[in-house]
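Beneath this line is the structure, given in structure tokens, with notes to follow.
The values are calculated or read from the model by the stated rules, or taken from the named source; none is laboratory data. Computed from a predicted model, the values in this text were never measured in an experiment. Here the Cβ positions follow ideal geometry from the backbone for every residue, glycine too, while neighbour counts run over all protein chains shown. Just the protein is used for accessible areas: all its heavy atoms, side chains included, with ligands, DNA and RNA removed. Shrake-Rupley method; radii C 1.70, N 1.55, O 1.52, S 1.80 Å.
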Amino acid sequence: MFGNTEEYDQDRNGFLERCHREYGDVFSFDARTIVVSSPDQVHALLTRTNRDFLAENSPLAGSVDTERMAADAELWTTTRRAGWQGLHRRVAQAHAERLREIFLKTVGDGEIEVLATMADFFGRATADFCLSADAAGVPETLAENVAAIDPLSRDSLQLPPWWPSRKVRRFARSRKRLLALMTDIVRRRRSAGDSAAAQDLLGVLLAPGDQQLSDLQIERFLRGIMLAALGVPAAALTWIVYELSTRPDVLARLEAEAASAGEVPVMGDLPYTEAFVKEVLRLWPPTWLIGRTVRHGTELDGWPLKAGDQVLFSLYRLHRDPRWWSDPDRLVPERWLEPHVAPVRHTYLPFGAGPRVCVGTQLGMMQLTLATAWLVSGMSLARTRETEMVPDFSGLLVPRDLRVRLARKAVRQGA
């Protein structure tokens, strides 16, 4: 009745790895799902999104209405065209200046559970980038919504929205609360009419343009951006901390580079730090499994597909496939500093690709690179326990219960 679901949920990555070894680059997961693995298959899936495939991310089950999904995709695409402008230099730099203060307030001395601390940091950072001065109360409400989504995402058997479950009710309440808060903020900001200042993403979305966006478009877009920009970078920075705790040679080089940069350096001043972040995202992509829903009858690499079918691929496997990467399971930041050893096309996709590529790619890289530089320049860290690290593939890819002890470095006289 449930096909491979039980075995898959017990060890998601292990199950996919075994199937790939046994069946090759394409295999059927169940009657309505296939898994693809080659770079060309993955590229075709992502670039044909919105036309032949749709990105569906609801944690609850429901009838597959591909035309409604297509309409939602068009709404998202229209809004994101304006959202791209939110990443221009002036807004990004204004955010970077505020980001350092947020980092210093949320990442302090003592023993921490890394993922929780980094989620707190990125919740505040994301709310600041999107809303700046209007962000009060948003990080807490956003964190509540993310916490309600997590237990639903860990089970492949999705529950319908009417199911009498505490998990479903909690998700519905948290989603409603966040949307109500966003509605209030957007309407107040629009009434104030100060979007010309455009010091955050909301200001950009409200600014007069070729196509005026509705309040509903902006509210849904901002919620989607904030949800994506909290969990994924928090998981990425958690992996960064893990790698810093195990690679003293890399840590020393990062410290030397950060020492020569200013308090809020530009990306060009941190080439090794940026390469390190890229390599961590290759080894430990937080969104390690990506799926698409088939919009209408079509085919992918010769496989016939019907409307409503699902196509999945493992970014974790793609990033570690020895066919495309040398020394694939080892952290090698230098591979990103030598153009002549650029990766094989379509084999490195930490932010996705195609029409639904992450709108916050540049922002995410900037935040992660700066946070890494501030961490190594201002803090010393040590693992609080030397147990073997266990990666958790049940939702976002994270290390289970990673704890470290942080201590602020003494400020040198005259520095």
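Brief remarks follow.
- Residues of type aspartates and glutamates that Lys105 reaches as a straight line, Cα spacing below 20 Å, ignoring anything fewer than 8 places off in the same chain: Glu97, Glu113, Asp120, Asp128, Asp134, Glu140, Glu263
- Kyte-Doolittle at least -0.5, axis length at least 27 Å by Cα - qualifying DSSP helices, the chain: 215-246
- Label separation (Asp249 vs Glu6): 4.7 nm, computed from points 7 Å beyond Cα along the C-beta direction.
- Remark: the chain carries a charge dipole of roughly 880 debye about the Cα centre, counting +1 on each Lys and Arg Cβ and -1 on each Asp and Glu Cβ.
- Antiparallel %, DSSP beta bridges [both residues in the chain], to 5: 85 percent
- Net charge in the neighbourhood of Glu113 (other residues with Cβ under 11 Å of its Cβ; Lys, Arg +1, Asp, Glu -1) is -1.
- In the chain, Rg over Rh equals 0.95, where Rg is the alpha-carbon radius of gyration and Rh the Kirkwood radius from pairwise Cα distances.
- The trypsin sites (Lys or Arg not before Pro) of the stretch 259-323 that DSSP puts in a loop, and whose beta carbon has at most 15 other beta carbons within 10 Å, are Lys306, Arg323.
- Linear extension gain, Arg169 paired with Asp40, 0.36 nm per residue minus alpha-carbon span: 42.4 nm
- Within-15-Å neighbourhood charge of Leu254 [Cβ basis; K, R +1; D, E -1]: -4
- Amide H contacts of Leu289: Leu315, each under 5 Å away and 5 or more positions distant or on a separate chain (H built 1.01 Å from N in the peptide plane; Pro and chain starts excluded).
- Ranking Ser174, Ser326 from most to least accessible surface, computed with a 1.4 Å probe over the protein chains only, gives Ser326, Ser174.
- Ignoring lysines fewer than eight residues from Lys167 along the same chain, the ones with Cα atoms less than 19 angstrom from its Cα are Lys176.
- Tyr23 - accessible surface, heavy atoms, 1.4 Å probe, Å² rounded to 10: 140 Å²
- When the surface is traced with a 1.4 Å probe over the full set of protein chains, Ile290 keeps roughly 20 Å² accessible.
- Those residues of the stretch 1-33 whose amide nitrogen sits under 20 Å from the label point placed on Glu388, 7 Å along Cα→Cβ: 10-18
- Annotation: extensible slack from Arg51 through Gln158 equals 36.0 nm (criterion: 0.36 nm per residue apart, minus Cα-Cα distance).
- Residue among Ser260, His346, Leu230 farthest towards the positive dipole end of the chain, charges placed on Cβ: Leu230
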